[in-house]
Amino acid sequence: MTQDMIETARQVLRNNDRGFYTVPTKGLYPFQWNWDSALSALGFAHFDEPRAWTEIDTLFAHQWDDGMVPHIIFHQRDEGYYPGPDVWDTGREVPTSGITQPPVAGFAVRRIFDRAQDKTLAAERARALLPRIHAWHQWFFRCRDPQHSGLVAIIHPWESGRDNSVDWDDAFQRVPTDGVLPFNRRDTSHADPAHRPTDEQYKRYIWLVQRFRGLGWDNAALHDASPFQVVDPGFNAILIRSCADLAALAEELGEPRIAAESRAMAERGIAAMETLWSAARGQYLCLDRSIGRLIDSPSVGGLLAAFAPLPPGRVAALARRIGSLAEHCRYLVPSHDPTTPEFDSLRYWRGPVWLVVNYMIADGLEQAGQVELAGRIKADSLRLIRQSGFAEYYDPNTAEPCGGGQFTWTAAMVIEMLETHAGAGDAPA
Ligand code: DGY
């Protein structure tokens, strides 16, 4: 049973493999996406280590000179996706988007390195990636934390990966829609429109792209010029975890300068996370940096914070909070609190469960000794797969598969969960 599931998951990865990068799924996402790739490499690493390294190498081969790693790399033309390279117009030889995504590569590289069978290959590839990943982390604190708060802002909801989260609703009102050139969405021809962001949100996504394009994608200017500047605890937790993991890796590979600088970024971030803590909600919240106020929106962004090496008391509090959500849904972890009016069980990041998020939360909980809840989250994840296959995301009550199907990172997470946590796959349905 477990072996069958692993084999099916591998097949999903193989089907979406384009040789040197992997598409998240055919049709809906026909290029390379940043955090999809880093997390998918974890799956490949269990059965093809060279291929896992190649996935991350390809991503960093398209890093910008200033250190940013773009969220999409348009390796080939595909008219089935909007907004394509002409809309972004970033002037790169191989076109890319002009914004970034959650920096999970540092974590992924350390994990693949630690588990590698081929130690020589791993040392060689990790050593080459080390300065590149470090440059990306430094780019974040230089360009997305100009006031040196210790935490970075996203300037477009797509950067968070949680595109249409309730978290952005209020701040998004500040993003105008006038001057947006007419466009045809393609996502809604590949997936049920009821599972996707609304047209109104799309206009604002595109307004921001046009604004940044008008500034020549100059990262020295974009942060301050953006009407949308949000500090997301989940995003920052991923950055902090990657800095901490890169510090450990650099130490091991004999790069003391990178180790010390990475550790310093992680420590400052951990201290600054306190400014996002909400005692009333029992979780972290986003900060609307433009107005200097916390956003009272209880989303999974504030729970994903558990992925960072935070003080154990905070992780214990997050565990209690996640435990309380379990009383209101059948499958952990919903992307928004099911007891709130904004919760929408089918619509992308406004309610559904995502396996990558479950994996990262469970990993953070485990590191902090919260193994029971971590086990429950992994068991719920595998129940979803058994029930509904390798979907993009799932209804946390009915397990209905949503968005795209045959999804690469979902399959990669299944391989991770089954290969690394013996017994989890045998949890009762
Ligand atoms: C999309 O196109 O839906 C992506 O989430 C943006 O990268």
Kirkwood-based shape ratio for the stretch 60-215, expressed as Rg/Rh from alpha carbons: 1.00
Within straight-line cross-link reach of LYS203, lysines at Cα separation under 29 Å, skipping those fewer than 8 residues along the same chain: LYS26
Residues of type lysines that LYS378 reaches as a straight line, Cα spacing below 16 Å, ignoring anything fewer than 8 places off in the same chain: none
Accessible area expressed per residue, the stretch 204-310, with surrounding protein chains retained (probe 1.4 Å, Å²): 33 Å²
Accessible area per residue in Å² at 1.4 Å probe, computed on the stretch 40-124: 35 Å²
Cα-Cα separations in the stretch 123-225 greater than 18 Å, expressed as whole percent: 60 percent
Average Cα contact separation per residue, the chain, under 8 Å, 6 or more apart, as relative contact order %: 18 percent
Dimensions in Å of the stretch 244-394 - Rg and Dmax from alpha carbons: 16.7, 52
Calculated FRET efficiency for the pair SER388/THR198, C-beta based, R₀ 30 Å, to 0.05: 0.80
Rg/Rh for the chain, where both radii come from Cα atoms and Rh is the Kirkwood radius: 0.93
Accessible carbon and sulfur surface of the chain relative to its total accessible area, %, 1.4 Å: 49 percent
Percent of alpha-carbon pairs separated by more than 18 Å within the stretch 250-302: 49 percent
Solvent exposure, largest accessible area first (probe 1.4 Å, DNA, RNA and ligands not counted), of HIS75, HIS190, HIS134: HIS190, HIS75, HIS134
With eigenvalues of the C-alpha gyration tensor scaled by 5 and rooted, the stretch 187-304, Å: 30, 21, 17
Gained length - ARG77 relative to ALA264, 0.36 nm times residue gap less alpha-carbon distance: 63.2 nm
Label point distance in nm, THR340-ALA128, each placed 7 Å from Cα along Cα→Cβ: 4.4 nm
Estimated distance in nm for a label pair at VAL87 and ALA280, the labels positioned 7 Å out from Cα along Cα-to-Cβ: 3.7 nm
Distance between modelled label sites at THR120 and PHE47, nm, 7 Å Cα→Cβ extension: 2.6 nm
Order by protection proxy (mean Cβ within 10 Å, highest first), peptides 176-184, 234-242: 234-242, 176-184
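The values are calculated or read from the model by the stated rules, or taken from the named source; none is laboratory data. Please read these numbers as outputs of a predicted model, since none were measured by experiment. With ideal geometry, Cβ positions are generated from the backbone for all residues, glycine too; neighbour counts draw on all protein chains shown. Each accessible area value is taken on the protein alone, full model and side chains, heavy atoms only, with ligands, DNA and RNA left out. Shrake-Rupley method; radii C 1.70, N 1.55, O 1.52, S 1.80 Å.
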